[in-house]
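The values are calculated or read from the model by the stated rules, or taken from the named source; none is laboratory data. Quick caveat, the model's predicted, so the values are computed rather than measured. Cβ sites come from the backbone with ideal geometry, for glycine too, and all protein chains shown count toward neighbours.
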Amino acid sequence: MFIGVYNLANFVTLLGLACAVVSCFIAGNGSDTALKIAVCVFLLSGLCDMFDGRIARGAGSRTRKEKVFGIQIDTVCDMVSFGVAPAVICYFCGFNKWYDILVYIVYAACAAIRLAYFNTQAIEETPDLNMKGFTGVPVPFSCLVMPLLMIVKTVVPTVLAVNVIFDIIMFMVGIAFILNIKIKKLNVAQSIILIVCEVAFVTLMFVLK
């Protein structure tokens, strides 16, 4: 009845997309508490992205069409989750001048290039469509950046300084997406360490006044 490939891994990917969309709506409230909650919901997108690939690979044999669809839907969802949602959250933090928007456009464009290049590599360079590493910083890296930005917003005393820091970091992260550097995929231990770091950042984000 419907087009597409439906399995647990793809549903996890779509759950990550849903979390990112919800985080944008929560951020629209504009209050400090709402923005922090929005970041927490946004981080759930990163958690989904961390495990959807592992679920797909552990599900047994898949046809090439199923693998290609998994890559494509993951990329489309990642563009929304990590290419658009962080910019929207930053916008609702109050940094919505024309120059801020230019930075967000650069950030989103770099995320799109990074994701399209990943797909190209997976389809053209790997017979089994299983990438062993990344070229450029993966876009879910923004999951580490967003809690840190909220911490900066809390501890830096002047709005102008926070605005400058936000713009610089978002611009630098965007450029990092398209750097020609090789990065290995995280193993289980490294993934756990990353989750612990994110939990620590989120805790600090709420503790600081």
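Computed values, structure above
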| item | result |
| --- | --- |
| Tally of residues being closer than 14 Å to Asp100 by Cβ, buried (at least 16 other Cβ atoms within 10 Å of the Cβ) and not small (Gly, Ala, Ser) across the stretch 166-209 | 5 |
| Residue in the stretch 125-140 that is in a strand (DSSP E or B), surrounded by 13 or more Cβ atoms within 10 Å (Cβ to Cβ) and out of contact with any Asp or Glu (no Cβ under 6 Å at 6 or more places or on another chain) present | yes |
| Selection status of Phe201, touching a Phe, Trp or Tyr at 6+ places or on another chain (Cβ under 7 Å), over 30 Å from Thr63 (Cα atoms) and among the hydrophobic types (A, V, I, L, M, F, W, C) | no |
| Unique residue being at pLDDT below 95, in a helix (DSSP H, G or I) and of a type outside the set (Ser, Thr, Tyr) when the list is Met79, Met50 | Met50 |
| Residue pairs meeting the criteria (Cβ under 6 Å; at least 6 apart or on separate chains; first in contact (Cβ under 8 Å) with a residue 40 or more places away in the chain, in the stretch 178-192; second surrounded by 10 or more Cβ atoms within 10 Å (Cβ to Cβ) and charged (D, E, K, R)) | Ile178/Arg114 |
| Among (1) of a type in the set (Gly, Ala, Ser); (2) modelled with pLDDT of 95 or more; (3) crowded, with 18+ Cβ neighbours inside 10 Å, the one test that Gly70 misses | (2) |
